[in-house]
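The values are calculated or read from the model by the stated rules, or taken from the named source; none is laboratory data. Just so it is clear, the model here is predicted, and its values are computed rather than measured. Positions of Cβ are backbone-derived with ideal geometry, glycine not excepted, and every protein chain shown enters the neighbour counts. When the accessible area is computed, the model is the full protein with side chains, heavy atoms only, and any ligands, DNA or RNA have been set aside. Shrake-Rupley method; radii C 1.70, N 1.55, O 1.52, S 1.80 Å.
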Amino acid sequence: GRVLAKSEGRVCAIELDEGRFAMLENNVRVAGLEETVSCVRGDFARLILDDDGPEAARSALKEAEVLFLDPPWGGKDVDNMPADSVELEMSGASMSELIHRVAQPDFATMRHVLLKLPPSYRLA
């Protein structure tokens, strides 16, 4: 994340979990990236699909140039699953649905979408 924030422009970092959000804010502060990284505590899928949540959060997301998604992988056994067998979602929305949404005109500043996925992820 630090490399992206230093080289690619505005980053909006969204974390739902309270403990992980505190770590995120601390990491951004320690790295000195407060000017380029906006930290938002919330549900990414709901922010983009429902256009729901605080205005500041929606605005930060729509101004971001880089989107990095690290969805829940489904447990420790995911690495042992056959290739092309895992479908991931966030808050009930498929990854393809979420990516399609950020490709729409109201996310025009979004230049890069990066996904952290298990080897067994279904790319369909």
### Query
How many percent of DSSP beta bridges within the chain run antiparallel, rounded to 5?
15 percent
### Query
the chain: percent of C-alpha pairs farther apart than 17 Å?
59 percent
### Query
At a 1.4 Å probe, what is the % contribution of carbon and sulfur to the accessible area of the chain?
51 percent
## Note on the structure
Listed by chain and number, the residues whose amide H is under 5 Å from that of residue 39, excluding neighbours fewer than 5 places away on the same chain and using placed H, are 13
### Query
Alpha carbon centre of the stretch 62-97 versus the stretch 25-59: separation in Å?
19 Å
## Note on the structure
Between residue 115 and residue 30, the FRET efficiency computed from the C-beta separation at R0 = 35 Å comes out, to the nearest 0.05, as 0.85
### Query
Fully extended, how many nm does the chain gain between residue 84 and residue 104 (0.36 nm per residue separation, minus their Cα-Cα distance)?
4.5 nm
## Note on the structure
Connecting every pair of Cα atoms under 10 Å apart in the chain and solving the GNM, the largest mean-square fluctuation among 85, 59, 38 falls on 85
### Task
About the Cα centre of the chain, how large is the charge dipole given +1 on each Lys and Arg Cβ and -1 on each Asp and Glu Cβ? Please answer in debye to the nearest 20.
380 debye
### Query
What helices does the chain have that are whole DSSP H segments, at least 15 Å long along their own axis by Cα, and with mean Kyte-Doolittle hydropathy of -1.0 or more?
18-30
### Query
Excluding ligands, DNA and RNA, what is the solvent-accessible area per residue of the chain at a probe of 1.4 Å, expressed in Å²?
61 Å²
